[in-house]
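Reviewing the structure listed below.
The values are calculated or read from the model by the stated rules, or taken from the named source; none is laboratory data. In this text, all values refer to a predicted model and were calculated from it rather than measured experimentally. Every residue, glycine as well, gets a Cβ built from its backbone with ideal geometry; the counts of neighbours run over all protein chains shown.
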């Protein structure tokens, strides 16, 4: 289907969704899950064909793994839709209230954005996840996944639309762009009168391309260059555990730590133990000159290291004079995703939490918790590193906005 | 000063402002007001020179009026700064709280955006207003006003910086671009690594130019195409008063009504009286065919009329079959600024308030109230017609964002 036509249908559908009750939206989510389960064989057949095609290319094993579905994964995707049905509905929530001297009553009401486009890579699970979050928050969705999984996604999108129809909602609520040509995306990104928000989900190249080409407002994730600062007033065992977890538990994700900042007074007591634990896990360290005096065996960190998101078992380490220097380093090099302090000093923690400028700031915990599920949002559409609209993990609320609702008794305004 | 250097200074200053206490920010605002009063003669001298220059051009009387200062206006500008000092500080406000099963405590804290650029026309009052709102919300400001008032603005900006200095805050917190060349604006709009938000304040051309050229996120106002829908279940006197006020009280502003929608069952009882009141005030009516059957003397509305923001004593009038048709008309032609229903039926009002898609929706009141002051926000940076980040009147809160603040006891994350 033509992209403009799809966006028009989504716009129409969004007007219906905006006024749909919570219970009906939940029923639709449950029907969508049912349809997915019913089409398991069709989905696996399409996925098998696409996997066979991709295995003949030079794609990495990780890429193939991410696009692979099986019975268990489809069941998990269906269950995720059912769990979104259980989340509280943000739409209609009243968040503020004021009575003005002239008697006007002013409230703020949470409402859907309208039409949300999601552009993602070859991960078929995103098709259902993104559609589910949009429906629950009263938005229509336009989905555009990676070209390697276009057949699999098409079957999934059909299943979702069937579920919507069964619940009596317009199937145009979920549009799926099955044209693998990049031109279709470019066309989509110009439809700012029909689409309210575009969310790129994928690597920095995808995000950059979307930012450059889009006339529609973008909600995006830049990169995750996360720091952990080890203060000198600290329980060493906790500092070792948290710093180890932040780097080594899953280094390939955006909320993993890339740079460790250590107060100079604790460096001699902390770094040798820390280095031993990292060495056992295969973590390569790159240090500032002061660090290399304590750990002479490690590589020197270059200026570039402080700005590198390794996404690998590599960590840059810097010794700082105090928290001021740590905060200045974070201000200069952080990406605004997550920053942590490990300290037993409450007032230092309070200062760090206030001043470190990121979507999520931590006291005595691992940056790895930066995730919608871990934060109790019930789901995650992505993690925003921008400041406007939504910061940090984005779930249902980030897909809504607030309007002013004013009730009067015939009040009119006088010139002032 | 070079624009890049100014933006770097503002970025540095923003780190200081973000951690400045409410009382110190308030003291700075009061010092800024004092400095303004002290420089009254200098300001009036610069303004006088610029007024003399503009009077030799073809600029309209309204343009000249808007750029004119006098003692009283300077006093009002100073008082506005003092009143911003009295507003509650949004920074540091905690808005949400959750304790997770693993013991992590998750809050959301309101924080400043960082550096905000404001691009406005030749209205010197904006210089102090915009700077005051930025300082109170913990942001640095970069100001760029119209070229006709660059001398006046420069004196005002100097006064503001003097006030900041007296309070011990960095004068770089308020940067003023005194280069009248458009190139300076273009350069500013590319500094997305130093500036967090740009707010154009002026007509649609200015907004469009900023949207097109900016790499920085934009918070803007498109236009105000406001409707008032007169339901058939209505107190006629109230309907007449509110519809008259919405159109005629001050037709040149964005929150004035441009199209009146009337339920067909009430049209015969309502329109002749309404037309008489409008006629007495010199309002020109343009009607749909049904309207012209009741008011045969008026002009026919063309397709273009339904999309025109007149900003003048002109009103398009359409008779609709029911609220569905009214809502569909608003969805097709509204600009998302303000929409109103006049009805005595509470359930219809509730439906309209939910479904009409605008920054402000009204039941039994004039759209003219769409204003930060009238809403009790204490001030106004502008009225946003976009959905992302802030909608409707924007004051201090719209200049902030929320971050997640997580407190733990050494929690680490396990792979799932």
Checking residue A:281 against (1) surrounded by 16 or more Cβ atoms within 10 Å (Cβ to Cβ); (2) in contact with a helix residue (DSSP H, G or I) (Cβ under 6 Å, 6 or more places away or on another chain); (3) within 14 Å of another protein chain (Cβ to nearest Cβ), the condition it does not meet: (1)
Filter result for residue B:378 (surrounded by fewer than 22 Cβ atoms within 10 Å (Cβ to Cβ) and at the interface with chain A (Cβ under 10 Å from one of its Cβ atoms)): no
Given (1) buried (at least 18 other Cβ atoms within 10 Å of the Cβ); (2) under 19 Å from the mean Cα position of the chain (by Cα), number of the condition residue B:203 does not satisfy: (1)
Restricting segment A:137-149 to residues that are assigned to a helix (DSSP H, G or I) and in contact with a helix residue (DSSP H, G or I) (Cβ under 8 Å, 6 or more places away or on another chain), the residue that is nearest to residue A:53 (Cα to Cα): A:148
Condition check for residue B:75: without any contact (Cβ under 8 Å) to a residue 40 or more places away in the chain and either out of contact with any helix residue (DSSP H, G or I) (no Cβ under 9 Å at 6 or more places or on another chain) or under 30 Å from residue A:358 (Cβ atoms) (or both): no
Scan of segment A:398-416 for residues that are in contact with a strand residue (DSSP E or B) (Cβ under 7 Å, 6 or more places away or on another chain) and free of Cβ contacts under 8 Å to residues at least 60 places away in the same chain, ordered by number: A:410
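Residues checked against (1) within 11 Å of chain A (Cβ to nearest Cβ); (2) assigned to a helix (DSSP H, G or I); (3) more than 25 Å from residue B:18 (Cβ to Cβ); (4) in contact with a helix residue (DSSP H, G or I) (Cβ under 9 Å, 6 or more places away or on another chain):
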position	(1), (2), (3), (4)
B:153	no, yes, yes, yes
B:165	no, yes, no, yes
B:169	no, no, no, yes
B:172	no, yes, no, yes
B:207	no, yes, yes, no
B:224	no, no, yes, yes
B:227	no, no, yes, yes
B:239	yes, yes, yes, yes
B:243	yes, yes, yes, yes
Inter-residue pairs, beta-carbon under 6 Å, first at positive phi and within 11 Å of chain A (Cβ to nearest Cβ) and in segment B:381-397, second part of a strand (DSSP E or B) and modelled with pLDDT of 95 or more, 6+ apart: B:392/A:404; B:392/B:360
Any hit, segment A:246-263, residues being without any contact (Cβ under 8 Å) to a residue 60 or more places away in the chain and farther than 19 Å from residue A:316 by Cβ: no
Members of segment A:249-278 found to be within 12 Å of chain B (Cβ to nearest Cβ), in contact with a helix residue (DSSP H, G or I) (Cβ under 8 Å, 6 or more places away or on another chain) and crowded, with 19+ Cβ neighbours inside 10 Å, listed by number: A:255, A:256, A:257
Criterion: modelled with pLDDT of 95 or more, within 12 Å of another protein chain (Cβ to nearest Cβ) and not in a helix (DSSP H, G or I) - qualifying residue of A:216, A:195: A:195
Residue within segment B:293-314 that is closer than 30 Å to residue A:218 by Cβ and either at pLDDT below 95 or outside any helix (DSSP H, G or I) (or both) present: yes
Tally, over segment B:352-374, of residues that are farther than 18 Å from residue B:246 by Cβ and more than 8 Å from chain A (Cβ to nearest Cβ): 1
Of the criteria (1) assigned by TED's automatic domain parsing to the domain that holds residue A:15; (2) closer than 22 Å to residue B:16 by Cα, which one residue A:395 fails: (2)
Among the residues listed as A:311, A:240, the single one being assigned by TED's automatic domain parsing to the domain that holds residue A:350 and buried (at least 18 other Cβ atoms within 10 Å of the Cβ): A:240
Scope segment A:176-196; condition crowded, with 16+ Cβ neighbours inside 10 Å and under 23 Å from the mean Cα position of the chain (by Cα); matching residues: A:176, A:177, A:185, A:188, A:189, A:195, A:196
In segment B:314-345, the residues that are surrounded by fewer than 21 Cβ atoms within 10 Å (Cβ to Cβ) and at the interface with chain A (Cβ under 10 Å from one of its Cβ atoms): B:328, B:331
Members of segment B:245-289 found to be part of a loop (DSSP other than H, G, I, E, B), in contact with a strand residue (DSSP E or B) (Cβ under 6 Å, 6 or more places away or on another chain) and farther than 23 Å from residue B:323 by Cβ, listed by number: B:283
